[in-house]
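**Q** One structure coming up, written as structure tokens, with questions to follow.
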Amino acid sequence: QVPLVESGGGLVQAGGSLRLSCLASGIFRFDVMGWYRQAPGKQRELVARITTGGTTDYVDSVLGRFTISRDNAKNTVYLQMNILKPEDTAVYYCNSIPRRNDAWGQGTQVTVSS
């Protein structure tokens with residue numbers, strides 16, 4: 001079983017919205033989970049995280065535009081992205097916090113055109 005499977009990315013115009021999903025194997029069900037992104041030529045960064053109880057936290061660049069949520073019964077983590085900007089273009093990954101480095105999925109590409 002693949003530990004993490006991301007989906008929902010695509011090409012969208014600036015100002016648009018996308019909803020990403022991450023299907024996680026059961027080993028993550030007690031973990032704090034996060035969405036990370038990696039833009040071309042840049043390091044992977046954590047943009048949002050959520051505890052098992054639903055407490056959330058965001059980096060300033062996405063605060064007010066992105067919403068992370070999770071369905072513990074479905075082992076799924078979501079990232080609702082609104083008012084997308086070209087600088088949000090990246091491959092988006094989910095993983096736990098701290099990261100399980102042997103569990104990275106393939107990610108899902110988000111491209112925002114201006």
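The values are calculated or read from the model by the stated rules, or taken from the named source; none is laboratory data. Predicted model only: the values in this text are computed from it and were never measured. No Cβ is skipped: glycine too gets one built from the backbone with ideal geometry, and neighbour counts run over all protein chains shown. Calculation scope for accessible area: heavy atoms of the full protein, side chains included, ligands and nucleic acids excluded. Shrake-Rupley method; radii C 1.70, N 1.55, O 1.52, S 1.80 Å.
**Q** Looking at (1) open to solvent by 20 Å² or more (accessible area, probe 1.4 Å); (2) among the small types (G, A, S); (3) under 14 Å from C94 (Cα atoms); (4) without any contact (Cβ under 8 Å) to a residue 60 or more places away in the chain, which one does A39 not meet, given that it meets all the others?
**A** Condition not satisfied by A39: (3).
**Q** Here's something else I'd like to know. From the set of residues in segment 5-27 that are under 22 Å from V59 (Cα atoms) and of a type in the set (A, V, I, L, M, F, W, C), which is surrounded by the fewest Cβ atoms within 10 Å (Cβ to Cβ)?
**A** Here the residue is A14.
**Q** Within segment 60-68, identify whether any single residue is within 16 Å of R29 (Cα to Cα), open to solvent by 20 Å² or more (accessible area, probe 1.4 Å) and free of Cβ contacts under 8 Å to residues at least 24 places away in the same chain, and answer yes or no.
**A** No, segment 60-68 contains no residue that is within 16 Å of R29 (Cα to Cα), open to solvent by 20 Å² or more (accessible area, probe 1.4 Å) and free of Cβ contacts under 8 Å to residues at least 24 places away in the same chain.
**Q** Has segment 105-113 got any residue that is in contact (Cβ under 8 Å) with a residue 24 or more places away in the chain, out of contact with any helix residue (DSSP H, G or I) (no Cβ under 8 Å at 6 or more places or on another chain) and open to solvent by 60 Å² or more (accessible area, probe 1.4 Å)?
**A** Among the residues of segment 105-113, at least one is in contact (Cβ under 8 Å) with a residue 24 or more places away in the chain, out of contact with any helix residue (DSSP H, G or I) (no Cβ under 8 Å at 6 or more places or on another chain) and open to solvent by 60 Å² or more (accessible area, probe 1.4 Å), which makes the answer yes.
**Q** What about V12, is it more than 11 Å from the chain's Cα centre (by Cα), of a type in the set (A, V, I, L, M) and under 21 Å from R100 (Cβ atoms)?
**A** Taking the combined requirement at face value, the residue does not satisfy it.
**Q** I'm told L46 meets every condition in (1) more than 18 Å from V5 (Cβ to Cβ); (2) out of contact with any Gly (no Cβ under 6 Å at 6 or more places or on another chain) except one. Can you identify the failing condition by its number?
**A** Single failed check for L46: (2).
**Q** Exactly one of these conditions fails for I83: (1) assigned to a strand (DSSP E or B); (2) hydrophobic (A, V, I, L, M, F, W, C); (3) open to solvent by 30 Å² or more (accessible area, probe 1.4 Å); (4) under 14 Å from V110 (Cα atoms). Give me its number.
**A** (1) is the only condition that I83 fails.
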